[in-house]
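The values are calculated or read from the model by the stated rules, or taken from the named source; none is laboratory data. Model, not experiment: these values are computed from the prediction. For neighbour counting, all protein chains shown are included, and Cβ atoms are generated from backbone atoms with ideal geometry for every residue, glycine included.
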Amino acid sequence: MFLCTMERIYSIITGTGSYIPPVHVMNEAFIGSEFFDSSGAPLDKSTHEIIEKFQDITTIVERKYVSDDLNTSDIATLAAREALHSSGTDPESLDYLIVAHNFGDTRAENKKPDYVPCLAARVKHKLGIKNPGTVAYDIAFGCPGWLQAVIQADYYLRSGDAKRVMVIGAEVLSRVSDPHDRDSMIYADGAGAVILEGRLSDTPIGILAHKAQSDSFQYSGLLYMGKSYCPSYAGKDHLFLKMNGRRLYQYALEKVPLAIKSCLESCQIPLKDINKILIHQANGKMDEAILKRLYELYNEKDIPENIMPMTIDTLGNSSVATLPTLLDLILKKHLQGHEIQKGDTVLFASVGAGMSINALAYRMV
């Protein structure tokens, strides 16, 4: 077990919040779509067959989209307000406000990314925070962005540079997905937020350890921006999110379990002591395969029931928002069959564009 005999600062989560969009988009909504491959040729299967296979591979049956009147910074603000309320935090007391995203404030009427000012500055403005000492900035790190921002917050808190940090993950992927690419059915919208504070303790609490890596030399091209697969698409200059799904799956299966194991070894926590594993909700079958491979690394054949909560089947893949949203739903008892108790050790892990991976071990207080 992780041993500690000296009092030190640990980073703990004091509040959570999320925004789940109201627009439910079922798989049947794509029946009328025209899908093409990367060469611009129509797919040779019926849309019904494509959707059926998609659901079998990803486990997704529906996803949530934002309404046309909301942008990424809007839903980030809504999640932030809920986190502030749940923790009873004075927003003026925040030392840092970090927003993880990848596409800026894409709008319904103009889907090109808008990055200036940064989303954190926009959220700070919308929250009415006047304190100039609340440093607001963004992080773009692919899907692992929210967890990487939490890792940054941990450094601030443990060094004494900050006492309180808000970390938000927000994305509107529905506006950057190609309607003629079957992968567009994976993507969704959402936002989640946490507030972290530093607390002195002579026993390990909160963030225990983390591990991050970027395999950019070999794998930076697995997720990228490209033109619509439809040769006659009207917006010739518009770029959409694209991915090499097969190679991404192989990469995640090979690398993520090893990164998780490295994280656990650094704080001397055996896998059997983990109560929940919260993995970025990218693809249902992929996450299940990652979990199985992780237990194989420890020569464990039996995976505990309910160890890995899943929301991708109804919420889809909302990139940086999946982990904080999942955490908020569990803590507020909105995810049936799952709960996290005081003293539980929770493992977070994510993988995404870059390609980058991170993992973090956390003990609930």
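Quick one: in segment 204-219, which of the residues that are in contact with a strand residue (DSSP E or B) (Cβ under 7 Å, 6 or more places away or on another chain) and among the polar types (S, T, N, Q) is farthest from residue 245 (Cα to Cα)? Filtering segment 204-219 for residues that are in contact with a strand residue (DSSP E or B) (Cβ under 7 Å, 6 or more places away or on another chain) and among the polar types (S, T, N, Q), the one farthest from residue 245 (Cα to Cα) comes out as 213. Being among the aliphatic types (A, V, I, L, M) and more than 17 Å from residue 172 (Cα to Cα) is the filter; apply it to segment 72-97 and report the residue that is surrounded by the fewest Cβ atoms within 10 Å (Cβ to Cβ). The residue in question is 84. Among the residues that make up segment 129-140, is at least one of them small (Gly, Ala, Ser), crowded, with 24+ Cβ neighbours inside 10 Å and in the same structural domain as residue 18 (by TED's automatic domain parsing)? So far as segment 129-140 goes, no, none of its residues is small (Gly, Ala, Ser), crowded, with 24+ Cβ neighbours inside 10 Å and in the same structural domain as residue 18 (by TED's automatic domain parsing). For residue 58, the stated conditions hold: it is within 17 Å of the chain's Cα centre (by Cα), surrounded by 13 or more Cβ atoms within 10 Å (Cβ to Cβ), at pLDDT below 95 and not aliphatic (A, V, I, L, M). Determine whether segment 258-267 contains at least one residue that is touching a residue at least 60 places away in the same chain (Cβ under 8 Å) and either assigned by TED's automatic domain parsing to the domain that holds residue 12 or among the β-branched types (Val, Ile, Thr) (or both). Looking through segment 258-267, at least one residue is touching a residue at least 60 places away in the same chain (Cβ under 8 Å) and either assigned by TED's automatic domain parsing to the domain that holds residue 12 or among the β-branched types (Val, Ile, Thr) (or both).
The sole residue among 233, 229, 224 that is surrounded by 21 or more Cβ atoms within 10 Å (Cβ to Cβ), assigned by TED's automatic domain parsing to the domain that holds residue 324, of a type in the set (Ser, Thr, Tyr) and not in a helix (DSSP H, G or I) is 229.
The lone criterion from (1) surrounded by fewer than 23 Cβ atoms within 10 Å (Cβ to Cβ); (2) under 19 Å from residue 15 (Cα atoms); (3) in contact with a Pro (Cβ under 9 Å, 6 or more places away or on another chain) left unmet by residue 152 is number (3).
Please indicate, with yes or no, whether at least one residue in segment 1-21 is free of Cβ contacts under 8 Å to residues at least 60 places away in the same chain, basic (Lys, Arg) and either at positive phi or not in a helix (DSSP H, G or I) (or both). No.
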